[in-house]
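The values are calculated or read from the model by the stated rules, or taken from the named source; none is laboratory data. Worth saying up front: this structure is predicted, and the values here are computed from it rather than measured. A quick note on method: Cβ atoms are made from the backbone with ideal geometry, for glycine too, and the neighbour counts reach across all protein chains shown. Note: areas computed on protein heavy atoms with side chains; ligands, DNA, RNA excluded. Shrake-Rupley method; radii C 1.70, N 1.55, O 1.52, S 1.80 Å.
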Amino acid sequence: MTSVRVERLYKIFGPQPTEQVRRLDEGTDSADLPEGTTAAVVDASFSVREGETFVVMGLSGSGKSTLIRMLNGLLTPTSGKVFVDDADITAMSGRELRTMRQQKMSMVFQHFALFPHRTVLDNAGYGLQIRGAPADEINDRAREALGMVGLEGWEQRYPQQLSGGMRQRVGLARALAAQTDVLLMDEAFSALDPLIKREMQDQLLELNAQLGKTIIFITHDLNEAMRLGDRIAVMRAGRIVQIGDSEQILSEPADDYVAEFVQDVDRSRVLTAGSIADPSAAAPDGVAPVAATAPLRDLFDRIGRDGPLPVVDAQRRVIGVVTPQAVFAALSHRVEYEEA
Ligand SMILES: Nc1ncnc2c1ncn2[C@@H]1O[C@H](COP(=O)(O)OP(=O)(O)OP(=O)(O)O)[C@@H](O)[C@H]1O
Ligand SMILES: [Mg+2]
């Protein structure tokens, strides 16, 4: 399996980019750089673990696409390093980069990027075709991938005969057929209707429970980020301002920008019994426990009826107690962020 690590990554658009990196390093504010300069990614460092779904979230223009394009070498960083399996891709030649991409990373785009005059099957097999795989193998793997995304029977159709959701499934099948460890998904579901989007999210979660890929997923939709991400990196004006899991982002936002983002999140879906359990309280006798991973919304009925509930971990050991008061406090919690 493949991991991806980024060290002090910068991408500056405009004249004398390295000079601007130096100025940013010395503490100059991005807003004070010369006219015509955009600091699209500033001092980004993180590592994505093997098999992890790592979401990058932020408003439009915050640098998400620029960041993801540096991860597979489509864009060259102004400074900093990108390691894919411990190989520094910023030191690779164009040819080495192409090979690395073909073997390790596939990308799924927002607008599908399908070829209108190719069949669904040929679109799904495209990644294999450009790397010169034998025709039989391309066919088998493209068919298999189309099956995984629920498009069996559609192989001989053309993209314009498909709905938006189905087209994006073809895009996903193309990435899966390439059998790379890493999937890069840039707003892959953003153009879809809410219901279809949710279906695609479910399908990705389900597929990845089997495939265990390393996924780097970009979105500006926080609910999507929280559904899909093992961890979420929040970007603001080129900088990563916070990295954490959903609960950390929700309960300890790093600044006012993150706090504003999380205001509209349905906390009852994200916060779990485990996160608000009181470990020092005595567990009530004779009350059936709830799992630490249960979202608060699943506790409402029981807690209304039974009162405090014991919370158990995966080994069914009691780790604490949730009380109606704690649930109420967690859900009504307004994040107050004060500038330090
Ligand atoms: N090739 C380029 N030349 C100059 N500026 C660029 C270039 N590409 C991106 N930018 C600028 O860099 C900043 C970050 O852009 P980027 O596309 O990475 O943002 P994003 O977070 O992906 O936004 P969106 O959600 O709209 O896709 C923006 O200000 C953008 O205008
Ligand atoms: Mg973008």
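By the equivalent-ellipsoid construction on the alpha carbon gyration tensor, segment 268-332 comes out with semi-axes of 16, 13, 11 Å, ordered largest to smallest.
Structure shown: which of 11/213; 81/197; 64/104 lie over 24 Å apart, alpha-carbon to alpha-carbon? Write out the running numbers ahead of the final one.
Numbers: 11/213 27 Å; 81/197 34 Å; 64/104 20 Å.
Check vs 24 Å cut-off fails for 11/213; 81/197.
Note on the chain: Kirkwood radius taken over Cα pairs, Stokes-Einstein applied at 20 °C and 1.002 mPa s, translational D equal to 97 µm² s⁻¹.
Would you work out the charge dipole size for segment 268-332 about its Cα centre, treating the Cβ of every Lys and Arg as +1 and the Cβ of every Asp and Glu as -1, and quote it to the nearest 20 debye?
Numbers: 6 positive and 6 negative charges, 30 e Å.
The dipole magnitude comes to about 140 debye.
The residue list 318, 60, 89 was ranked by how far each Cα lies along the charge dipole of the chain toward its positive end, using unit charges on Cβ atoms, and 89 comes out on top. Between the helical axis of 94-104 and the longest alpha-carbon principal axis of the chain there is an angle of about 40 degrees.
Think of the chain as having a plus end and a minus end, set by charges on the Cβ of Lys, Arg, Asp and Glu; of 271, 117, 4, 117 sits farthest toward the positive end of this dipole. The Cα-based radius of gyration of segment 225-272, divided by its Kirkwood radius, gives an Rg/Rh of 0.93. Charge tally for residue 220 (other residues, Cβ to Cβ under 9 Å; Lys, Arg +1; Asp, Glu -1): -2. The length gained on full extension between residue 193 and residue 325, counted as 0.36 nm times the residue separation minus their Cα-Cα distance, comes to 43.8 nm. How much FRET efficiency would the formula 1/(1 + (r/R0)^6) give for residue 264 and residue 28, where r is the Cβ-Cβ distance and R0 is 25 Å, rounded to 0.05? Computed FRET efficiency for residue 264 and residue 28: 0.15. The angle between the Cα long axis of helix 164-177 and the longest principal axis of the Cα atoms of the chain comes to about 70 degrees, rounded to the nearest 10. Note on the chain: with charges restricted to the Cβ of Lys and Arg (+1) and Asp and Glu (-1), its dipole about the Cα centre is near 1000 debye. Rounded to the nearest 10 degrees, the inclination of helix 135-148 to the longest alpha-carbon principal axis of the chain is 20 degrees.
Sorted largest first by accessible area at a 1.4 angstrom probe radius, with every protein chain in place, the residues 126, 257, 10, 158 fall in the order 158, 126, 257, 10. When segment 120-195 is described by a simple charge dipole with +1 on each Lys and Arg Cβ and -1 on each Asp and Glu Cβ, the residue from 163, 132, 142 located farthest towards its positive end is 163. Here the translational diffusion coefficient of segment 21-166 follows from Stokes-Einstein with Rh set to the Kirkwood radius across Cα pairs; for 20 °C and 1.002 mPa s it amounts to 117 µm²/s.
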